[in-house]
Amino acid sequence: MRKPIIAGNWKMNNTASEGVALVNAIAPLVKDANCDVVVCVPAIDIPAVSEALKGTNIGLGAENVHFAEKGAYTGEISAAMLLEYGVQYVIIGHSERRQYFGETDETVNKRTLTALKAGLTPIVCVGESLEERETGKTEAVLEKQIKEGLAGVEDLTKVVIAYEPVWAIGTGKTATAAQANETIGFIRKTLGEMFCPGCAAATRIQYGGSMNAGNCKELMAMEEIDGGLIGGASLKANDFATIVNFDK
Ligand code: 13P
């Protein structure tokens, strides 16, 4: 059975002190969660948030990692730097990074392999744009993102996939539960062909895109959906906790 994983993606929100206040508010509300709980936070918040998370059941994630071990990459953060603060997860290939920062399937692949080698759990994001969905290209786009992004991965079950349709991110427009379930089913089938059906069946695939306290139960009830990657709603302690406690 796949253990659900609910992760917040704070994006470029919360200073370190705001982040500490947020996790202090979240921690007591999610302490009895039956799923894995993660907050992915801006790199500069990591030291303070890492400290605040001690003794809680909340895992710590970063929002990106560079693929080189070290070197002349001004402004970048390496896996070793994250590990020193107890970071366990890292978001890779978020659509905002693909859209605004030149991330490609090739760089997603390099970052994913680096994260795995370092013992970090990559949360690899895939998803189609509105135009791609409307012109019937969803499956082709996802297939390319998966095949190129995950090339050379040895143990698929160490990866978390996040299906985030770009048109649903920050728009308040969620994919219907049926739509998300069907598309995630397609992703799992593709993973099964690329790796093995058993590996695909054991790999967690989250839904992301305007998931909130109101729609989380319906989404999480779907067979293929193993969790959520939450943007806006992860910035409010009560909303995030309601999503984490979707099964209560
Ligand atoms: P929203 O939940 O704000 O739509 O963002 C989703 C997302 O991009 C999570 O990575």
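Can S234 be described as under 26 Å from R98 (Cβ atoms), in a loop (DSSP other than H, G, I, E, B) and either within 11 Å of the ligand (Cβ to nearest atom) or open to solvent by 30 Å² or more (accessible area, probe 1.4 Å) (or both)? Outline the logic, then answer.
Values: under 26 Å from R98 (Cβ atoms): yes; in a loop (DSSP other than H, G, I, E, B): no; either within 11 Å of the ligand (Cβ to nearest atom) or open to solvent by 30 Å² or more (accessible area, probe 1.4 Å) (or both): yes.
Spelling it out, it is not the case that S234 is under 26 Å from R98 (Cβ atoms), in a loop (DSSP other than H, G, I, E, B) and either within 11 Å of the ligand (Cβ to nearest atom) or open to solvent by 30 Å² or more (accessible area, probe 1.4 Å) (or both).
Picking from I184, I146, which residue would you name as being assigned to a helix (DSSP H, G or I), of a type outside the set (D, E, K, R) and over 30 Å from E84 (Cα atoms)? From the options I184, I146, the qualifying one is I184. Among the conditions (1) in contact (Cβ under 8 Å) with a residue 24 or more places away in the chain; (2) open to solvent by 60 Å² or more (accessible area, probe 1.4 Å); (3) within 16 Å of the ligand (Cβ to nearest atom); (4) not β-branched (V, I, T), E223 misses just one, which is (3).
Among the numbered conditions (1) assigned to a helix (DSSP H, G or I); (2) within 11 Å of the ligand (Cβ to nearest atom); (3) aromatic (F, W, Y), the only one that Y207 does not meet is (1).
Among the residues of the stretch 20-49, those that are touching a residue at least 40 places away in the same chain (Cβ under 8 Å), open to solvent by less than 40 Å² (accessible area, probe 1.4 Å) and part of a helix (DSSP H, G or I) comprise L22, I26, I46. Would you pick out the residues in the stretch 154-166 that are assigned to a loop (DSSP other than H, G, I, E, B), surrounded by fewer than 24 Cβ atoms within 10 Å (Cβ to Cβ) and in contact with a strand residue (DSSP E or B) (Cβ under 9 Å, 6 or more places away or on another chain)? The answer is V159, and nothing else.
Selection over the stretch 1-58 of residues that are within 16 Å of the ligand (Cβ to nearest atom), of a type in the set (S, T, N, Q) and farther than 17 Å from L82 by Cα gives a count of 2.
The values are calculated or read from the model by the stated rules, or taken from the named source; none is laboratory data. For clarity, every value in this text was computed on a predicted model and none was experimentally measured. Glycine also receives a Cβ, built like all others from the backbone with ideal geometry; neighbour counts cover every protein chain displayed. Protein only, heavy atoms only, side chains kept; ligands, DNA and RNA dropped before computing areas. Shrake-Rupley method; radii C 1.70, N 1.55, O 1.52, S 1.80 Å.
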